[in-house]
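Right, one structure below, let's go through it.
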Amino acid sequence: AKAVARQLRDIDMLGVVGFDDSPFVVVYLETMTRLRGVVDTQIDRLRPGGQTYFLPALAEAKRQLERVNASRKHIILLSDGATRGAISDLVDLVIDMRNRSKISVSSVAISNEADVSVMKRLSQHGGGLFHHTFDPSSLPQIVLEQVQDKSRDDQQDNRPLIPISSGSELLA
């Protein structure tokens, strides 16, 4: 997360929601201009451990993203995929985020024991990318690739449209 934060522009926004049995905000969603001096310290508070239940964490991330006006809203879920609750509830939530709130969801499955099927389904239904890694030290590069891929997609989608005449008198 710190490596990603260093790569973001001042106008970009970043938020980090941790989770175990319940979600907790590590970094409140804010522009990098306001976060630069404190983001590393805030992220350092995040520690692995405990059980995981990421439905409420995704709901918290959705709630925060719905409050801001941004051209692109994206969640990256990092987990081993082991979670409480029904997978159908997770799928319903990411579909709702994608369709109603225009929030995409990518996932990164971590460890050789990761529940890859859950993480893949969330990415597929969330309109994001999926990665599986066995090496946590590769996480910064994976996340940066996702951010950069999304930026390229956005640039392509925002190209100006230039009409081409088909020779029709009506269209002329």
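Considered as a group, the residues in region 120-142 that are among the hydrophobic types (A, V, I, L, M, F, W, C) and over 21 Å from I87 (Cα atoms) include one that is surrounded by the fewest Cβ atoms within 10 Å (Cβ to Cβ), and that residue is F134. No other residue among K73, K62 is touching a Lys or Arg at 6+ places or on another chain (Cβ under 7 Å), open to solvent by less than 50 Å² (accessible area, probe 1.4 Å) and within 21 Å of L93 (Cβ to Cβ) apart from K73. The sole residue among A109, A172, A114 that is assigned to a loop (DSSP other than H, G, I, E, B), small (G, A, S) and modelled with pLDDT of 75 or more is A114. Just so you know, in region 77-106 the residues that are within 30 Å of T31 (Cβ to Cβ) and at pLDDT below 90 include one that is least open to solvent (accessible area, probe 1.4 Å), and it is S79.
Checked against (1) without any contact (Cβ under 8 Å) to a residue 24 or more places away in the chain; (2) on the phi > 0 side of the Ramachandran plot, R34 passes all but a single condition, namely (2).
For beta carbons closer than 8 Å, sequence separation of 6+ or different chains, a first residue in region 57-82 that is in contact (Cβ under 8 Å) with a residue 12 or more places away in the chain and a second that is in a helix (DSSP H, G or I) and open to solvent by 50 Å² or more (accessible area, probe 1.4 Å), the qualifying pairs are G81/S117.
The values are calculated or read from the model by the stated rules, or taken from the named source; none is laboratory data. Remember, predicted model here, so these are calculated numbers, not experimental data. Virtual Cβ from ideal backbone geometry, glycine too; neighbours counted across all protein chains shown. Accessible surface is based on the protein model in full, side chains and every heavy atom, while ligands, DNA and RNA are left aside. Shrake-Rupley method; radii C 1.70, N 1.55, O 1.52, S 1.80 Å.
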